[in-house]
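Input: a single structure, listed below in structure tokens.
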Amino acid sequence: MNDSITGGLGDNSRSSEGLNLQLYIYRTTFDRAFTCVTFTVALFGFVGNLATMGKIVRDPKYHTPTFAAIGLLALADFLSVTFSSFIWLTNLSKLWRFFGGITRISVLSSYSHVCLLSAVRYLITVHPLQSRQYLTVTAVCLCSLTIWISSGIFGSLSLAMLQTIDDGFILQLIINIIIPLLVCSIILTLHVKKIRTLRRSMSVTDQAERRMNIVVTVINSIFVFYHLSIIVNNTIALTPANELSLDLGYIYLYNLYFLIFMGCVNFSCNPYILFLSQFF
């Protein structure tokens, strides 16, 4: 299906050999400029996630469950933005076919670690006494290890199913609808319960509550816009080749640009939002 769309719009990237910095479908002047801009965003994410991990590991005052969860999320985002950038902005997926599976596992782990961080903050706020006893850095790290194992199993199984069943695009669309609904539901539910607890205890100021709401809103908004763009292109990909129009092809193309850019932003922004928000 993707080949039908790109073929109708003029695909001129199939003859390249070796690793090239380019969009994996097109090689026009605009695409080269877009690739450089998006790669710059990804580079900020690469550096930001790496710096966050380094700061948390090296400074003992950040050896707490909350910062451990932030650091582990930074690791997942670091791998996600690195692998996804190579998938989107280079032709590496054509040179190494297993690269897509590794990227899928990293992305699933990133989503799960956002939920883990929300759960850690919720437990510390709503159940402070139990958290002091049971919610340790070691416990958070063990949860992270479980997430990576689960992501590896789910990612491998889903990829195998997508490659073997006839309705792979339908299954991919279902997965890409369920995942954002599940992640956003977990984050928002825990956030609302946390805010209610803080209000009842009168231990939160309006400014602090506003800051927490902004952080959750920004993270969820970026995540939702990214996944909406994925869902749009998954839906277009279900269109039979003989029913494709040129307008639909251009919608797919322009949405692909938005998808790639928002994907890089999604995996790059968390260290700046989460780590810096701890100090304001």
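What single numbered condition from (1) farther than 23 Å from residue 232 by Cα; (2) in contact with a Leu (Cβ under 9 Å, 6 or more places away or on another chain); (3) modelled with pLDDT under 90 fails to hold for residue 78?
If we test residue 78 against (1) farther than 23 Å from residue 232 by Cα; (2) in contact with a Leu (Cβ under 9 Å, 6 or more places away or on another chain); (3) modelled with pLDDT under 90, just (3) comes out false.
Can you list residue pairs whose Cβ atoms sit under 8 Å apart, with the first residue in the range 36-47 being buried (at least 16 other Cβ atoms within 10 Å of the Cβ) and the second being outside any helix (DSSP H, G or I) and among the hydrophobic types (A, V, I, L, M, F, W, C)? Count only pairs 6 or more apart in sequence or on different chains.
From residues that are buried (at least 16 other Cβ atoms within 10 Å of the Cβ), the pairs are 39/21; 45/269.
Name the residues in the range 127-143 that are crowded, with 17+ Cβ neighbours inside 10 Å and farther than 29 Å from residue 201 by Cβ, would you?
Scanning the range 127-143 gives no hits.
Tell me, which residue of the range 213-242 that is in contact (Cβ under 8 Å) with a residue 40 or more places away in the chain, more than 15 Å from the chain's Cα centre (by Cα) and in a helix (DSSP H, G or I) is nearest to residue 260 (Cα to Cα)?
Among those residues, the one meeting the criterion is 234.
Quick check on this structure: which one of 90, 64, 52 is out of contact with any Lys or Arg (no Cβ under 6 Å at 6 or more places or on another chain), buried (at least 22 other Cβ atoms within 10 Å of the Cβ) and polar (S, T, N, Q)?
52
Considering only the range 154-169, state which residues are surrounded by 12 or more Cβ atoms within 10 Å (Cβ to Cβ) and within 21 Å of the chain's Cα centre (by Cα).
Listed by number, the residues that qualify are 154, 155, 156, 158, 159, 162, 169.
Kindly indicate whether residue 123 is crowded, with 16+ Cβ neighbours inside 10 Å, touching a residue at least 60 places away in the same chain (Cβ under 8 Å) and in contact with a helix residue (DSSP H, G or I) (Cβ under 8 Å, 6 or more places away or on another chain).
So residue 123 fails the test.
Tell me which of these residue 258 doesn't satisfy, since it passes every other one: (1) free of Cβ contacts under 8 Å to residues at least 60 places away in the same chain; (2) closer than 24 Å to residue 80 by Cβ; (3) more than 21 Å from the chain's Cα centre (by Cα).
(3) is the only condition that residue 258 fails.
The values are calculated or read from the model by the stated rules, or taken from the named source; none is laboratory data. As the structure is a computational prediction, the values presented were derived from the model and not from experiment. When we count neighbours, we look across all protein chains shown, and the Cβ atoms used for this are built from the backbone with ideal geometry, even at glycine.
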